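The values are calculated or read from the model by the stated rules, or taken from the named source; none is laboratory data. Remember, it's a predicted structure, so these values are computed and weren't measured experimentally. Ideal geometry is used to build each Cβ from the backbone, glycine not excepted, and the neighbour counts take in all protein chains shown.
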Amino acid sequence: MEGGDGVMSAALRITGLRLNRGAREVLCDVSFDVAPGAIVALMGLSGSGKTTVLRAIAGLETFNAGAIAVGPATLAPGPLSASSRSATAGQVGMVFQFHHLFEHLTAMDNICLAPVHVQRRSRQDAETAARALLDDLGVATRAGALPRELSGGEAQRVAIARALATNPPLLLLDEPTASLDPARRGELGSTLRQLASAGRALLVTCHDVTFVREFATECVILADGCVVERGNPRTVLDNPTHDATRALLRITSQ
Amino acid sequence: MVRFGASVAVVLLLATGLRAQDARVLRWGGDAEGGAPFVEADPKQPDRVVGFDVEIAALIARDLGREPQFVQILFTSLDQSAARGDFDIGLSGIEDTPARRRTLAATIPYYEFHEVLTVRSADRDRLKTLADLGGRRVATLGGTIAYELLLAAERDHGITAVSYDDDVHPYGDLLNGRVDAVLLDHVLAERTMRRLTGLYTHHNPVAIGHYIGVLAPENTGLRDRIDAVLRAAMRDGRLEAIFRKWNVWSDDEAAFFLHVLAGADVQATDVPGSTPQSSWEMTRRYLPSFLTAAAVTLVLSCASMALAIAVGVLLAVGRVYGRRWLRGAIILYVEVVRGTPVLLQLFIIYYGFAEIVRLPAFVAALVGLGLNYAAYESEIYRSALEAVPRGQLEAARVLGFSDSQTLRLIRGPQAFRLALAPMTNDFVAMLKDSSLVSVLTVMELTKQTQIFATNLGSWVIPGALCAALYLAMSLPLSQLARRLESRWKAATAS
């Protein structure tokens with residue numbers, strides 16, 4: 001709906017992001033950009049801080065230093081203010097690893113809730129858009145189903161539709177391949193590619209090397225909260241320069 | 001329910017441990033709560049009872065060659081306890097009624113009392129008889145001859161009969177204007193006149209009644225021996241001495257004794273039109289008041305529950321979202337309300353606050369039950385709100401919902417599903433707890449049952465009717481809740 005402000009800028013720019021939990025440093029000086037149309041894979045072993053980065057971008061974690069610029073809005077360190085929350089609201093869509101679909105609402109109602117109540121669009125308008133999204137994602141027949149009636153793959157696609165319903169320029173996906181079999185991963189990859197080609201910026205946490213090689217336009221490797229390598233996935237994954245990347249490749253190939 | 005439970009416990013205790021009768025002991029039942037001059041705890045030694053009924057029991061025991069032993073029984077349970085044989089004889093200012101004569105072995109009357117009308121001193125010249133009290137509220141103890149007289153006056157003179165559970169608060173409410181007159185035994189009226197100023201008791205009796213002792217129906221042998229003791233004590237002046245000591249002797253009493261000793265027949269006090277012959281006819285006559293009482297119970301429970309839900313939701317939201325001082329205040333409220341008896345809270349709201357705000361009985365009952373249940377509801381809703389998974393709230397936050405939208409659209413609806421079963425439970429409990437409000441003069445189903453049972457002399461029909469009406473109210477409610485739950489469950493099963 002917004003379509004950008006005419007300047008070709010990054011959809012997401014993270015600079016010098018630091019996050020501590022007590023004395024423990026969870027993220028140290030993380031910086032990277034995601035451009036519109038890019039699919040950036042955030043990779044790393046469990047506990048490397050991938051999900052924390054996503055949650056900080058979504059406004060679910062406060063951080064200690066650095067800045068997160070999402071479109072025109074910038075998140076600063078310290079507690080989230082209500083104004084920064086409403087500024088980022090239309091900018092970021094998030095698909096959680098376990099989807100977190102609203103359990104008491106049908107797929108259709110899950111998708112329409114934010115357009116109707118946050119964006120104040122008409123119910124009819126929101127439903128038309130939701131139907132189109134479900135159709136694109138191949139789950140149009142499940143519109144009336146409740147979350148518990150959906151399979152894992154269906155729930156993921158409904159969750160993607162819900163995140164896209166407010167038309168955010170940036171979409172975050174947390175471990176989307178984790179619960180999918182290889183065939184479904186391919187379908188997901190094409191879906192993501194389609195979304196990116198429409199000009200959306202995608203940031204995906206993942207440790208599936210094959211998936212990243214095939215679908216990501218860039219990969220960022222995290223180890224112990226620090227960015228250790230970044231660049232074209234084929235370059236980075238074929239010629240790893242850091243131990244963490246090698247460890248990641250070793251685990252995936254087993 | 002609480003009082004009911006307590007009396008059941010007492011009865012059970014008696015039935016198991018103490019039923020065995022010792023021929024050298026005269027077990028006599030009375031209610032020390034009835035107070036002086038009948039039976040009351042000795043102010044100097046509260047584990048002993050004193051009063052004219054206590055001395056009459058001692059006199060009977062002595063003449064029978066036994067030791068008197070007091071058994072505390074709730075006044076309203078005396079008849080049933082006597083019928084069961086929980087004690088040998090009940091003596092506690094028990095009125096001589098046709099129902100008691102029919103269902104129990106009753107002694108000869110041993111005291112004659114007058115039902116007298118007490119009004120505020122300012123009204124003494126205007127309000128002299130029940131006929132003068134048309135359109136006004138007249139109080140008495142529920143389930144007594146006086147209450148039947150007031151019900152008759154409701155039909156004949158258009159007064160409003162107000163039933164109390166005790167004989168002290170009617171006079172207090174007369175003074176503060178909640179009622180305009182009190183009809184009770186002159187013994188009680190005189191006791192009150194000594195204690196309170198600003199009241200006037202008309203000496204012309206509205207009706208005459210008698211006190212009797214009651215025994216199990218099969219215990220006529222003992223009854224006859226007790227009758228002989230009572231006659232002897234009337235003849236030799238020992239009864240007179242007791243009544244004089246307690247300041248309840250008069251010339252009327254002397255005449256009454258002579259009447260009894262002459263072998264004349266003393267009629268049980270029968271309020272015209274109040275005691276038809278068959279229990280079927282009686283049931284038919286009581287049915288309208290039963291249905292009215294059931295409606296009071298239902299309306300009161302629904303209104304109180306609505307208040308409890310509304311206040312409970314506010315408390316729960318304050319507890320989950322509020323600042324620290326607000327959370328502290330709510331915790332304090334919940335703990336105080338849950339930790340003290342609801343009966344006490346009802347008393348405080350109705351009688352304690354009467355100086356500041358004189359709430360009508362129904363409103364006081366509604367507010368009392370509603371605020372009490374609100375404490376329990378708020379805990380249910382709080383835990384239900386906290387049980388909604390964090391992920392649901394985070395998803396809502398990323399989508400841009402405000403806290404209040406999240407509560408209204410996501411967290412609230414999900415919590416409601418979790419809270420439904422315990423809420424239904426509380427609603428059913430409320431239907432039955434609402435019986436407590438009879439202490440605030442609200443004539444609800446349990447009180448109506450008790451009055452019917454007293455006048456019929458049996459609990460079988462009133463009890464069955466009462467149970468049927470409570471079930472008719474609670475079953476549809478449970479059914480509705482079950483249907484809602486299964487709909488949600490069916491929707492969430494794959």
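Let me confirm something: among B:Ala375, B:Ala396, which residue is farther than 30 Å from B:Val296 by Cβ and surrounded by 13 or more Cβ atoms within 10 Å (Cβ to Cβ)? Step by step, each of B:Ala375, B:Ala396 is checked, and only B:Ala396 is farther than 30 Å from B:Val296 by Cβ and surrounded by 13 or more Cβ atoms within 10 Å (Cβ to Cβ). Residues of segment A:95-107 include at least one that is at pLDDT 95 or above and in contact with a strand residue (DSSP E or B) (Cβ under 8 Å, 6 or more places away or on another chain). Against the numbered list (1) out of contact with any Ser or Thr (no Cβ under 7 Å at 6 or more places or on another chain); (2) modelled with pLDDT of 90 or more, B:Leu300 comes up short only at (1). Those residues that are in a helix (DSSP H, G or I) and touching a residue at least 24 places away in the same chain (Cβ under 8 Å), I need them from segment B:270-286; list them, please. Answer for segment B:270-286, where residues must be in a helix (DSSP H, G or I) and touching a residue at least 24 places away in the same chain (Cβ under 8 Å): B:Ser279, B:Met282, B:Thr283, B:Tyr286.
For B:Val138, the test of being in a loop (DSSP other than H, G, I, E, B), at pLDDT 90 or above and crowded, with 23+ Cβ neighbours inside 10 Å is failed. Kindly indicate which of B:Ala207, B:Ala216 is of a type in the set (Gly, Ala, Ser), surrounded by fewer than 22 Cβ atoms within 10 Å (Cβ to Cβ) and farther than 30 Å from B:Ala255 by Cβ. Answer to the selection: B:Ala216. When every residue of segment A:64-79 is checked against the conditions, at least one turns out to be modelled with pLDDT of 90 or more, touching a Pro at 6+ places or on another chain (Cβ under 6 Å) and farther than 18 Å from B:Ser402 by Cα. For segment B:337-355, the criterion of a residue being among the basic types (Lys, Arg) and at pLDDT below 95 is satisfied by at least one position.
Taken together, the residues in segment A:108-133 that are touching a Leu at 6+ places or on another chain (Cβ under 7 Å) and not β-branched (Val, Ile, Thr) amount to 5.
Scanning segment B:172-185 for residues that are over 15 Å from B:Pro360 (Cβ atoms) and surrounded by fewer than 23 Cβ atoms within 10 Å (Cβ to Cβ) gives B:Gly172, B:Leu175. Filtering segment A:219-227 for residues that are within 27 Å of A:Leu19 (Cα to Cα) and surrounded by fewer than 20 Cβ atoms within 10 Å (Cβ to Cβ) leaves a non-empty set. When each of A:Glu61, A:Glu25 is tested for being among the charged types (D, E, K, R), more than 14 Å from the chain's Cα centre (by Cα) and within 21 Å of A:Glu175 (Cα to Cα), the lone residue that passes is A:Glu61. For segment A:38-54, the set of residues classified as within 14 Å of chain B (Cβ to nearest Cβ) and under 21 Å from A:Leu195 (Cβ atoms) consists of A:Thr51, A:Leu54, listed by residue number.
Summed over segment B:146-187, residues that are touching a Gly at 6+ places or on another chain (Cβ under 8 Å) and within 22 Å of B:Glu112 (Cβ to Cβ) total 4. Residues in segment A:147-168 that are within 11 Å of the chain's Cα centre (by Cα) and more than 12 Å from chain B (Cβ to nearest Cβ): A:Ile160 alone. Only helices (runs of 4 or more DSSP H) whose full extent lies in segment B:384-494 are considered here, and the ones with at least 3 residues that are touching a residue at least 24 places away in the same chain (Cβ under 8 Å) and within 10 Å of chain A (Cβ to nearest Cβ) are B:412-433.
For every residue, the table says whether it meets (1) acidic (Asp, Glu); (2) part of a strand (DSSP E or B); (3) without any contact (Cβ under 8 Å) to a residue 24 or more places away in the chain.
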position	(1), (2), (3)
A:Cys28	no, yes, no
A:Asp33	yes, yes, yes
A:Leu45	no, no, no
A:Leu60	no, no, yes
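Looking only at segment B:370-393, decide whether some residue is in contact with a strand residue (DSSP E or B) (Cβ under 7 Å, 6 or more places away or on another chain) and over 17 Å from B:Ala308 (Cβ atoms). The answer is no; no qualifying residue exists.
Restricted to segment A:146-254, the set of helices (runs of 4 or more DSSP H) holding at least 3 residues that are in the same structural domain as A:Arg120 (by TED's automatic domain parsing) and in contact with a strand residue (DSSP E or B) (Cβ under 6 Å, 6 or more places away or on another chain) comprises A:152-164.
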